[in-house]
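Enquirer: Encoded as structure tokens, here's the structure I'll be asking about.
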Amino acid sequence: MVNRLNKTALTSDEIFATGMRNQWHAVCPSDFVARGDMKKVRRLGEDWLLFRQSDGSLRMLADRCPHRGAPLSQGQHLGDRVACKYHGVQVDVGGTVVSVPGMPGCNLEGKRLVTSLPVREVAGAVLAWFGTDPDAEPGPLDLPERLVDDGISRFLCYAEWKAPWRFTLENLLDPMHGAFLHRESHSMFGGETSAKFRIRETDRGFFFEKTDQRGVNFDWVEFCRTGVDWVDLEIPYPPTAGPGGSFGIVGMGTPIDAETTAVFFWRYRRVEGWERDVWRFLYRTKLEERHWAVLEQDRVMLEAMAADADQAENLYQHDLGVIRLRRLYRSQAAAQAEALAGA
Amino acid sequence: MSLYLQPRQAGTTGPTPYELKLAGAIEEVFGTGVHHLEGLVKGLNDLGICSPTGEPWTPDTFTDEMRRMAA
């Protein structure tokens, strides 16, 4: 496997900047890659090729020809393999070189030289396992129940923000910004602008929640680590949104690189029958646009923050969730770097 | 690198004038606090927002239309 990009030298800072390894990350919406098509994506600071075969199955390969390192994504989809545009080297969906047309019998043939990531497709999105050892089995993936429960209706909203991934996660671990940044939104106009928070442990992460208000604004968030990192939160709708109560968000943020993040927001609501249909109709015609406007408030704020904004802060009690998150990721990055250095 | 920022992801096309008008009326009725089917249908009919056939809505015709447009 010498032709694989050697990542053993990743430092703790590099891992912190480009994302935790040895876990699942959301990659992109499933419909970004049609049957028989392929697409280049950059995730965790590296380039990848998403490749969908005609039977619908999806594969994910390092976007790097094992011959000279040219991007396979510029090559040709050959059904169950890709031919590099540079010299025609053919790599199958498992990462094995199957043909070197310019030199038949070349010793590259038959060797698995391209990293292939395990992928799953869930609730309209592609998830992939980013391991430090390309030959190791992926770890377990417990999916957020909001994404698999039949009694819940959902829409995925996907966007790319020019902000570090940690800022996007920290934004979700900061419920209080709802009452300020989103004060004039369709869903977060209510409630107090001061609050006390607490952290409540769970067996998969923790809740960060207001102690004195619930169901009025963005009042709580649960951070979960279940093989993939995600948050769950709930925000009330005004009466104009009809029956079904609050809507929820399952959120994920995947580093594209150190400065850019792919954000995933599944807006969901526990509705069935005609209530479900009306919500979906209203979402498509009216609500999606309003939700987007709220998301844009977050994007504009986060993109305007200096890349080192978190180096000159004065935090207070509302930031306990953010602090907790940072410590967790900082210590995990250090542990992963140490393990890689010793490997 | 151009970043992906597409506001409309739940449907391939934007809503039609008919859909916008109907959605606006549904929100108007919901906004009065009426959240049950019969009340919603009556509210739409009272507003003069008819079904595509020109007839007043019934719970059946309304739920059929919503099922069609929810996908």
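Enquirer: Quote the relative contact order of region A:23-130 in percent (integer), defining contacts as alpha-carbon pairs under 8 Å separated by 6+ residues.
Expert: Averaging sequence separation for qualifying contacts and normalising by length gives 26 percent for region A:23-130.
Enquirer: What Cys residues in chain A have no fellow cysteine's beta-carbon under 4.7 angstrom?
Expert: A:C28, A:C106, A:C157, A:C224
Enquirer: Also, I was wondering about something else. How big is D, in µm² s⁻¹, for chain A by Stokes-Einstein at 10 °C and 1.306 mPa s if Rh is the Kirkwood radius over C-alpha pairs?
Expert: Approximately 73 µm²/s, per Stokes-Einstein.
Enquirer: Can you give the local net charge around B:L20? Use residues other than it whose beta-carbon is closer than 15 angstrom to its beta-carbon, Lys and Arg +1, Asp and Glu -1.
Expert: Computed value for this residue: -1.
Enquirer: Evaluate the relative contact order of chain A (contact order divided by residue number), counting alpha-carbon pairs under 8 angstrom at least 6 apart; express in whole percent.
Expert: 20
Enquirer: Where the accessible area of region A:145-331 is counted over protein heavy atoms with a 1.4 Å probe, how much of it, in %, is carbon and sulfur?
Expert: Whole-percent figure for carbon plus sulfur exposure: 49.
Enquirer: Additional query: Using protein heavy atoms only (no ligands, DNA or RNA), what is the total accessible area buried between A and B, 1.4 Å probe, nearest 100 Å²?
Expert: 2800
Enquirer: How big is Rg to Rh over chain B, alpha-carbon atoms, Rh as the Kirkwood inverse-mean-distance radius?
Expert: 1.09
Enquirer: Continuing with this model, one more query. Calculate the translational D of region A:145-331 in whole µm² s⁻¹ from Stokes-Einstein, where the hydrodynamic radius comes from the Kirkwood formula applied to all Cα pairs, the temperature is 25 °C and the viscosity 0.890 mPa s.
Expert: D = 144 µm²/s.
Enquirer: Still on this structure: Rounded to a whole number, what % of the accessible area of region A:77-135 do carbon and sulfur atoms account for, probe 1.4 Å?
Expert: That fraction is 51 percent.
Enquirer: Per the Cauchy relation, a quarter of the hull surface: what is the mean projected area of the convex hull of the alpha carbons in region A:87-217, in nm²?
Expert: The Cα convex hull of region A:87-217, projected and averaged over all directions, gives 13.1 nm².
Enquirer: Send over a whole-number figure in Å² for the accessible area per residue of the protein assembly as shown, probe 1.4 Å.
Expert: Spelled out: the 1.4 Å probe surface of the protein assembly as shown, per residue, equals 45 Å².
Enquirer: Given A:I256, A:F207, A:H291, which one lies farthest toward the positive end of the charge dipole of region A:145-331, if we put +1 on the Cβ of every Lys and Arg and -1 on the Cβ of every Asp and Glu?
Expert: Of the options given, the answer is A:F207.
Enquirer: Give the cross-link partners of A:K210 among the aspartates and glutamates, using a straight C-alpha distance below 13 Å as the criterion and excluding same-chain residues fewer than 8 apart.
Expert: Of all the aspartates and glutamates, those that pass the test against A:K210 - Cα under 13 Å, at least 8 places apart if same chain - are A:D174, A:E192, A:D219, A:E222, A:E234, A:D319.
Enquirer: Go through region A:17-89 and name the trypsin sites (Lys or Arg not before Pro) that are in a DSSP coil and have 16 or fewer other Cβ atoms within 10 Å of their Cβ.
Expert: Passing sites in region A:17-89 are A:R35, A:R68, A:K85.
Enquirer: Give me the three principal axis extents of region A:23-130 from the C-alpha atoms, as integers in angstrom, largest value leading.
Expert: 44, 27, 20
Enquirer: Sticking with this one: Report, to the nearest 10°, how far helix B:37-46 tilts away from the longest principal axis of the Cα atoms in chain B, using its own Cα long axis and a range of 0 to 90°.
Expert: Roughly 80 degrees, rounded to the nearest 10.
The values are calculated or read from the model by the stated rules, or taken from the named source; none is laboratory data. Keep in mind that what you see is a predicted model, and the values were worked out from it rather than measured. Don't worry about glycine lacking a Cβ; one is built from the backbone with ideal geometry, like all the others, and counts go over all protein chains shown. For accessibility, only protein heavy atoms count, side chains too; no ligands or nucleic acids. Shrake-Rupley method; radii C 1.70, N 1.55, O 1.52, S 1.80 Å.
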